[in-house]
Amino acid sequence: MNIREMPKDELELLSFTDIAYHIIKLDNEPKATAPLFKEICLLLDLSMNQYEEKITDFFASMTTDKRFILLDNGTWDFKNNHMVNLKPFKIDDDDDDDLDELEDLSEEYEKIEEEDDDDDEIDDDEIDDDLENLDDEYEGLEIIEEDDEI
């Protein structure tokens, strides 16, 4: 399907990202955001004012659409045209030392957590004393409503 030869009423049924997909596929080359959206606006007979209003939404749609990738040079292309270079994970002999150190830290953390749990026990007598001190501190105070005169 040649997107450039499609009738406007059929184009209006497609999303901006779908139209962008067809343009990039037809031209078989990456496209920058502004010229790509400008071509979409021309195909849909959108005004320059509408272009300015909607270009940020178009950019956001392109970034969330899993079919596209934004390249370093600022152009959009199909994600499946670009392979991610994953380096194989290499395990060093020194990693065993790091693992032992991590386990030691984990055990130390657990000890600290246990000590903290012991300190968290609530003493009812302390709570009662604190409440009595608060009562003494605020004795004689009244709550004043907004409508009351001072």
Inset, instruction - Kindly provide the set of residues from the stretch 48-66 that are farther than 24 Å from ASN80 by Cβ and not hydroxyl-bearing (Ser, Thr, Tyr), ordered by number. - result: MET48, ASN49, GLN50, GLU52, GLU53, LYS54, ILE55, ASP57
Inset, instruction - Could you grab me the full set of residues in the stretch 64-81 that are closer than 17 Å to PHE16 by Cα and in contact (Cβ under 8 Å) with a residue 24 or more places away in the chain? - result: ASP65, ARG67, PHE68, THR75, TRP76, ASP77, PHE78
Inset, instruction - With the condition kept exactly as written, say whether any residue in the stretch 59-71 is acidic (Asp, Glu) and within 18 Å of GLU12 (Cβ to Cβ). - result: no
Legend entry - Selection count, the stretch 19-60, where residues are of a type outside the set (A, V, I, L, M), in a helix (DSSP H, G or I) and under 22 Å from MET6 (Cα atoms): 14
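Read the figures in this text as sums done on the coordinates, not as results from a lab. Bear in mind the structure is a predicted one, so any value in this text is a computation, not a measurement. No Cβ is skipped: glycine too gets one built from the backbone with ideal geometry, and neighbour counts run over all protein chains shown.
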